[in-house]
1. Quick one: Gln90 ticks every box in (1) under 21 Å from Gly222 (Cα atoms); (2) in contact with a Leu (Cβ under 9 Å, 6 or more places away or on another chain); (3) of a type in the set (S, T, N, Q) except a single one, so which number is it?
2. Kindly indicate the residue of region 267-286 that is of a type in the set (A, V, I, L, M, F, W, C) and in a loop (DSSP other than H, G, I, E, B) and also surrounded by the most Cβ atoms within 10 Å (Cβ to Cβ) among those meeting that condition.
3. Select from region 32-56 the residues that are surrounded by fewer than 22 Cβ atoms within 10 Å (Cβ to Cβ) and not small (Gly, Ala, Ser) and list them in ascending order.
4. Mind telling me which of the residues Tyr172, Tyr225 ends up being over 19 Å from Val43 (Cα atoms) and either among the small types (Gly, Ala, Ser) or part of a loop (DSSP other than H, G, I, E, B) (or both)?
5. Which ones in region 70-80 are within 23 Å of Leu140 (Cα to Cα) and either free of Cβ contacts under 8 Å to residues at least 60 places away in the same chain or touching a helix residue (DSSP H, G or I) at 6+ places or on another chain (Cβ under 6 Å) (or both)?
6. Take Lys264 and decide whether it is modelled with pLDDT of 95 or more, in a helix (DSSP H, G or I) and charged (D, E, K, R).
7. Among the residues of region 104-136 satisfying the criterion of being under 18 Å from the mean Cα position of the chain (by Cα) and among the acidic types (Asp, Glu), which is nearest to Gly175 (Cα to Cα)?
8. Collect the residues in region 226-274 that are of a type in the set (Ser, Thr, Tyr) and either out of contact with any Cys (no Cβ under 6 Å at 6 or more places or on another chain) or farther than 19 Å from Leu193 by Cβ (or both), keeping them in residue-number order.
Amino acid sequence: MRRRDFLTNTVAASTLVGLGGLGLSSCSNLGGKHITILHTNDVHSHIDPFPSSHSRYANLGGVARRASLVENIRNENPNTLLFDAGDIFQGTPYFNFYGGELEFKLMSKLKYDASTIGNHDFDNGVDGLLAQVPHATFELLSANYDFSNTVMDGFVKPFKIYSVDGIKIGVYGLGIALDGLVTKRLYKETVYLDPMEIALDMERKLKEEEQCDLIVCLSHLGYDYENPERPCDTRLAQNTYHTNLIIGGHTHTFLDKPDVRINKNGDSVLVNQVGAYGINLGRIDFYFDAKKNASAQGVSITV
């Protein structure tokens, strides 16, 4: 969907899913609260739009266009959060020259709220990642990477809680196994923990201890794999209890709208991923009634 079309007609091309038995029209009539979540993944240092000569993505993407789109949506709904699902680095000469500084600075200007860490974010090692942390005003979230014995210790949080218009939103991050994707000398003593087990711990804490109304996972595990034992977003959705939205990355999967999976409680979970290279921006709108029951609709917008 082109952004111009989206701004004039969001409902027509989106999915409406009841997460608490409440429909969109009911929310509107009750004057329910409206939270918008925007997201990207696998931007891979693509700062500029693709050239007009590109065979697949001519004139698409670019940080400036994304900034304008995000600003328009925030003007429409000030209760908006912006997230990224990792692989911010690597893919253009901007990374080769600036080492990630430009990417983090621009994300900060766009006022990203948080990002998880992808495997390519280790391409200059944990030391290179640490060097760029001062340029980030957003949180780095990863619950299953243990950085205790590295220079990144203390600079990455397992989760973050956002309070938006009286709605508590808990966000946690998960990363893919680094062995085989990243050389040991780059990630050094970073310890990879089972993301499926960690997800259950995180969502329990956010739901039961922190009393969050909405729980979001920023995942760099990948959307789906043939191997049923390999951790991925679809499997995560089906094997958790309280996570409402999984924002994915790594597999560069272009979804027009969120996939809907059923969790262990029999509730709907939204799984979304918007391809790669900053071509699309994901938008998920959550509507809450007076009892904080929620419904949601989502769409991917071409930048």
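The values are calculated or read from the model by the stated rules, or taken from the named source; none is laboratory data. Given the structure is predicted, the values throughout are model-derived calculations rather than measurements. Note: ideal-geometry Cβ built from the backbone for every residue, glycine included; neighbour counts use all protein chains shown.
1. So the condition that Gln90 fails would be (2).
2. Ile279
3. Within region 32-56, Lys33, His34, Thr36, His44, Ile47, Asp48, Pro49, Phe50, Pro51, His54, Arg56 qualify.
4. Of Tyr172, Tyr225, the one residue that is over 19 Å from Val43 (Cα atoms) and either among the small types (Gly, Ala, Ser) or part of a loop (DSSP other than H, G, I, E, B) (or both) is Tyr225.
5. Hits for region 70-80 are Glu71, Arg74, Pro78, Thr80.
6. Spelling it out, it is not the case that Lys264 is modelled with pLDDT of 95 or more, in a helix (DSSP H, G or I) and charged (D, E, K, R).
7. Asp121
8. Once the filter is applied, which keeps residues that are of a type in the set (Ser, Thr, Tyr) and either out of contact with any Cys (no Cβ under 6 Å at 6 or more places or on another chain) or farther than 19 Å from Leu193 by Cβ (or both), region 226-274 yields Thr234, Thr240, Tyr241, Thr251, Thr253, Ser268.
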